[in-house]
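Novice: My structure is below; once you've seen it, I'll send some questions.
The values are calculated or read from the model by the stated rules, or taken from the named source; none is laboratory data. Nothing here was measured: the structure is a model prediction, and the numbers come from that model. Heads up, the Cβs are rebuilt from the backbone with ideal geometry, glycines too, and the neighbour counts pull from every protein chain shown. Areas reflect the complete protein model, heavy atoms only, side chains present, ligands, DNA and RNA absent. Shrake-Rupley method; radii C 1.70, N 1.55, O 1.52, S 1.80 Å.
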Amino acid sequence: MSLDIHNVVQQIEGATNNIREQNKFYHEQLNRSYDTLLGSNATEIEAKRTSSNTNFLIPGISKSLSSKYKLPDLPENHSVLAVDGSHIDIDRHLPIQCCLINIGKVHIRYGDSPIAALSNHPRLFSEKEDLQLHETNGNRYQTLEGPLLGALRAVEEMISLADLMEETRSDTPTLALIDGSLILWSIVGQTYPDFVRNRLLDDMFLPALARLHKISRAVPLALASYISLPRSKEVANALRLDKHNCPYQNANCSIHCGSLTSGERPCDGFTEIMDRNLFDKLLEVGERSESFMSTSSIVERYYDHHKIHFYYLHVGNEISRVEIPEWVHSNKYLLDLTHAAIVNQCDKGRGYPVALMEAHEQAVVTNHDREEFRKVLEEALMRNNLPNYTSEKNRSKRTKWL
Amino acid sequence: MVRLGDVIATSTGTFTAQCYELYHSPALGDLVKTNGHYPTFGVVYNIYTGGLDPTRKPTARGQNEEKEEDVYNNNPQLKHLLRTDFEAIIVGHKMGSEMLYHLPPVPPPIYSFVHTCDEEDTKPIISNMSVLRTLATSNLEAIEEVISAYIRNGFKYQLDNTEFLKTVGVHLISNLPGELKKVEYILKRVTR
């Protein structure tokens with residue numbers, strides 16, 4: 001049976017009415033939070049943050065909350081490297097356990113001698129050893145599937161970006177760009193044992209960052225990650241510490257407000273506001289916000305001198321979030337390069353960085369590709385007289401009958 | 001001989017090749033040749049440039065550019081995302097050293113290399129009027145333009161162009177009975 005769309009239409013109409021009500025509430029909150037953004041004392045909030053214990057994430061604030069920066073000049077001769085990944089997860093209905101990571105790589109050089117190189121690199125994981133992440137000095141392991149495979153993909157993207165930079169030997173100002181976050185959120189909050197984080201971060205992700213950092217000492221290389229339509233609320237959370245919203249000198253959410261339900265707390269006035277809503281009001285097209293420092297536990301514990309900073313950027317039709325490591329943040333030339341090159345990339349890509357768009361196109365594994373993958377796998381097993389049994393559930397989905 | 005591209009679609013009477021470089025296609029009416037067991041000769045009747053991925057259509061980009069080449073210079077990836085293909089109608093093939101003016105037993109395989117034709121190949125084909133019959137009796141779109149271009153290409157191998165045109169005219173009339181207007185159209189375009 002196909003979806004009963006008439007039934008769904010009625011439900012959507014009902015949902016639309018709710019959204020209209022929520023919108024009114026949202027606009028009230030937005031105006032209040034924006035006034036707070038402009039009026040707050042950033043030094044006071046930062047001091048309060050360091051002495052408080054909140055149950056929401058608040059960024060480190062170096063200067064101000066509402067500073068903004070004009071679009072810097074972009075060197076005419078510059079390069080953009082971008083990497084994106086896609087994967088096929090382990091499917092227990094397939095005859096063998098395997099997964100695949102496909103990495104798309106793009107190098108575009110602009111200016112006097114423009115060139116582009118686009119490629120993709122699929123890697124099959126089918127050996128038992130490949131499908132498990134092992135403890136370095138121990139016998140524990142974790143199977144690579146679901147969110148962990150997603151995390152490995154993010155790690156592989158960063159390794160590929162470092163490889164690409166080494167291969168291209170670009171000596172012009174270069175932006176190395178990755179889609180999503182520089183923070184491996186997918187392993188935060190999961191119940192993975194510590195060795196998983198150690199393997200992914202200490203053994204793989206951070207060494208790749210270090211390779212890029214090393215290159216950046218010799219050539220002007222800026223690393224950044226790009227998040228379209230970000231949902232983060234860190235800056236909005238910082239406003240909750242403002243003295244008008246949090247009456248306590250040193251906030252401790254559990255002690256002071258632990259007995260209150262959501263909506264009753266004095267700082268609950270901005271719950272619907274995301275950072276992008278605030279900066280949409282503050283920034284003109286092409287401008288970036290002040291940079292903030294991530295205080296996520298994974299960054300503080302593992303990232304060392306690669307600590308992640310972020311800023312918001314008005315790229316035309318939306319506010320995006322750009323994340324940069326400490327060594328880019330502390331170098332004004334590199335920081336400006338990320339700003340100028342990303343805005344230029346978004347101009348060329350009609351709202352989204354063109355190099356990332358092409359890296360995605362190189363990496364994407366479509367539904368058709370997934371079906372082909374399955375067929376090739378089954379045919380290879382049959383050709384080699386190996387068992388190619390698939391589950392009855394899978395068979396029943398594929399052979400539709402009455 | 002210059003290598004132009006690879007055969008990417010093939011059938012009894014025509015083949016399609018993808019150029020190695022964007023816009024580096026032979027011209028309409030040019031004679032091209034494939035490698036393979038039966039080296040096959042074709043006349044280019046269609047040239048197409050579009051997106052490599054059929055689901056991604058090119059869109060206008062030049063509004064803020066001064067020159068057309070700036071669109072490509074400022075978007076270097078475009079050359080990797082667009083492709084030029086050309087289609088050729090098969091007019092003959094070689095069996096050993098013998099040139100035969102009918103269809104090969106099997107069409108050229110996919111990924112056969114496609115080359116331009118040198119003088120040694122072109123001269124006898126241009127002089128053989130049965131090629132005109134193959135072209136004139138095909139149902140391909142704008143075939144009159146293709147024939148005109150093909151004849152024009154033949155001029156450089158003739159000592160006497162007027163005599164060549166007369167021979168061509170006679171064969172066209174005999175291959176397109178009752179279609180004098182069409183013949184006139186073809187011959188007018190040869191000289192203009």
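Novice: Go through the range A:348-382 and give me each residue that's away from chain B (no Cβ under 12 Å) and among the charged types (D, E, K, R).
Specialist: Selection gives A:Asp369, A:Arg370, A:Glu371, A:Glu372, A:Arg374, A:Lys375, A:Glu378, A:Glu379.
Novice: Being in contact (Cβ under 8 Å) with a residue 24 or more places away in the chain and within 14 Å of chain B (Cβ to nearest Cβ) is the requirement here; does A:Glu323 meet it?
Specialist: no
Novice: Evaluate the range A:19-26: report whether one residue or more is closer than 24 Å to A:Cys257 by Cα and polar (S, T, N, Q).
Specialist: Applying the first criterion (closer than 24 Å to A:Cys257 by Cα) to the range A:19-26 yields A:25-26.
The next check asks that each one be polar (S, T, N, Q); those that pass are none.
No - not one qualifying residue is present in the range A:19-26.
Novice: Evaluate the range B:7-16: report whether one residue or more is part of a loop (DSSP other than H, G, I, E, B), within 14 Å of chain A (Cβ to nearest Cβ) and not basic (Lys, Arg).
Specialist: Within the range B:7-16, not a single residue is part of a loop (DSSP other than H, G, I, E, B), within 14 Å of chain A (Cβ to nearest Cβ) and not basic (Lys, Arg).
Novice: Consider the range B:52-70. How many of its residues are within 16 Å of A:Val354 (Cα to Cα), at the interface with another protein chain (Cβ under 10 Å from one of its Cβ atoms) and either in contact with a Pro (Cβ under 9 Å, 6 or more places away or on another chain) or loosely packed, with under 10 Cβ neighbours inside 10 Å (or both)?
Specialist: 1
Novice: Moving on. I'm trying to understand the selection: among the residues of the range B:26-54, which are within 24 Å of B:Leu100 (Cα to Cα), in contact with a Ser or Thr (Cβ under 6 Å, 6 or more places away or on another chain) and part of a strand (DSSP E or B)?
Specialist: Answer for the range B:26-54, where residues must be within 24 Å of B:Leu100 (Cα to Cα), in contact with a Ser or Thr (Cβ under 6 Å, 6 or more places away or on another chain) and part of a strand (DSSP E or B): B:Leu31, B:Thr34, B:Thr40.
Novice: Give all pairs with beta carbons closer than 9 Å in which a residue from the range A:36-53 that is over 18 Å from A:Ser67 (Cβ atoms) meets a residue that is crowded, with 18+ Cβ neighbours inside 10 Å and of a type in the set (Gly, Ala, Ser); count only pairs at least 6 apart in sequence or on separate chains.
Specialist: A:Lys48/A:Ala251; A:Ser51/A:Ala251; A:Ser52/A:Ala251; A:Asn53/A:Ala251
Novice: Moving to a separate point now. Restricting the range B:74-101 to residues that are open to solvent by 60 Å² or more (accessible area, probe 1.4 Å) and closer than 24 Å to A:Ser113 by Cβ, which is nearest to the other protein chains (Cβ to nearest Cβ)?
Specialist: B:His80
Novice: Has the range B:28-47 got at least one residue that is in contact with a Cys (Cβ under 6 Å, 6 or more places away or on another chain), charged (D, E, K, R), under 22 Å from B:Ile151 (Cα atoms) and in contact (Cβ under 8 Å) with a residue 24 or more places away in the chain? Break it down stepwise before answering.
Specialist: Within the range B:28-47, the first condition is being in contact with a Cys (Cβ under 6 Å, 6 or more places away or on another chain), and the residues that meet it are B:31, B:33.
Filter once more, so that each one left must be charged (D, E, K, R): B:33.
Those still in the list that are under 22 Å from B:Ile151 (Cα atoms) too: B:33.
Keeping just the survivors that are in contact (Cβ under 8 Å) with a residue 24 or more places away in the chain gives B:33.
Checked against the condition, which is being in contact with a Cys (Cβ under 6 Å, 6 or more places away or on another chain), charged (D, E, K, R), under 22 Å from B:Ile151 (Cα atoms) and in contact (Cβ under 8 Å) with a residue 24 or more places away in the chain, the range B:28-47 yields at least one hit.
Novice: Name the strands (runs of 3 or more DSSP E) wholly within the range A:34-147 that hold at least 3 residues that are open to solvent by 40 Å² or more (accessible area, probe 1.4 Å) and not small (Gly, Ala, Ser)?
Specialist: Of the strands (runs of 3 or more DSSP E) lying wholly inside the range A:34-147, those with at least 3 residues that are open to solvent by 40 Å² or more (accessible area, probe 1.4 Å) and not small (Gly, Ala, Ser) span A:115-125, A:141-143.
Novice: Working carefully through the options B:Ile125, B:Ile90, find the one that is of a type outside the set (Phe, Trp, Tyr) and not in a helix (DSSP H, G or I). Please lay out each step first, then the result.
Specialist: Numbers: B:Ile125 fails: not in a helix (DSSP H, G or I).
After ruling out the rest, the residue left standing is B:Ile90.
Novice: May I ask you to list the residues in the range A:249-281 that are in a loop (DSSP other than H, G, I, E, B), in contact (Cβ under 8 Å) with a residue 60 or more places away in the chain and open to solvent by 20 Å² or more (accessible area, probe 1.4 Å)?
Specialist: Answer for the range A:249-281, where residues must be in a loop (DSSP other than H, G, I, E, B), in contact (Cβ under 8 Å) with a residue 60 or more places away in the chain and open to solvent by 20 Å² or more (accessible area, probe 1.4 Å): A:Gln249, A:Asn250, A:Thr271, A:Glu272.
Novice: Could you check the range B:93-105 and list, in sequence order, the residues that are part of a loop (DSSP other than H, G, I, E, B) and in contact with a strand residue (DSSP E or B) (Cβ under 9 Å, 6 or more places away or on another chain)?
Specialist: B:Tyr101, B:His102, B:Leu103, B:Pro104, B:Pro105
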